[in-house]
Amino acid sequence: MRVIWAALGLLSLSIGIVGIILPLVPTVPLLLLAAFFFARSSERLHSWLLGHPQLGPPIEQWQSRGAISLSAKRIATVSIVLIFLISLILGLRPLILTVQGLTLTCVLIFIWTRPSA
């Protein structure tokens, strides 16, 4: 079972790292998931992830205070606005735009109501 947890952790970590570059791929939630899987599979991988200079702080901030850094909030907001603008430019149907707009608005409300790290 530990091998499955480790494989899921590595998959989550890989997709999370891709999310650093691609908009709307949720980096920190995937890093949190990787930390969860590593905690059940490998103390060495778990310690490495939490101690990583770039990947560890957002995990620690979320776990200790439920906080999201101000820069992450701004990047998420810009990404969400750009994605919605692309949907408008592509001329998606109004129903799809409405559902997308409501969903993205809820995501932004969630992000901006969390404490800042």
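Quick notes
- Thr98 accessible area, assembled protein chains, probe 1.4 Å, Å²: 80
- Probe 1.4 Å - accessible area at Val78, Å² to nearest ten: 90
- For region 16-101, a simple Cβ point-charge model (Lys and Arg +1, Asp and Glu -1, everything else neutral) yields a dipole of about 120 debye relative to the Cα centre.
- Accessible surface area normalised per residue over the chain is 64 Å², counting heavy atoms of protein chains with a 1.4 Å rolling probe.
- Under the span-like rule (Cα at least 20 Å along the axis, Kyte-Doolittle mean at least 0.0), DSSP H helices of the chain: 2-21, 27-41, 70-89, 94-113
- Descending principal axes extents, the chain, alpha-carbon based, whole Å: 48, 29, 20
- Amide N proximity, region 1-43 versus Ser87 label position 7 Å along Cα-to-Cβ, cut-off under 16 Å: 23-26
- Area of Leu22 that stays accessible when all protein chains are in place (1.4 Å probe, Å², to 10): 90
- On the chain, 74 percent of the accessible area sits on carbon and sulfur atoms, based on a 1.4 Å probe.
The values are calculated or read from the model by the stated rules, or taken from the named source; none is laboratory data. What you see is a predicted model, and the numbers here were worked out from it, not measured in a lab. Glycine gets a Cβ as well: all are built from the backbone with ideal geometry, and neighbour counts include every protein chain shown. Keep in mind that these areas ignore ligands, DNA and RNA; they rest on the heavy atoms of the full protein, side chains included. Shrake-Rupley method; radii C 1.70, N 1.55, O 1.52, S 1.80 Å.
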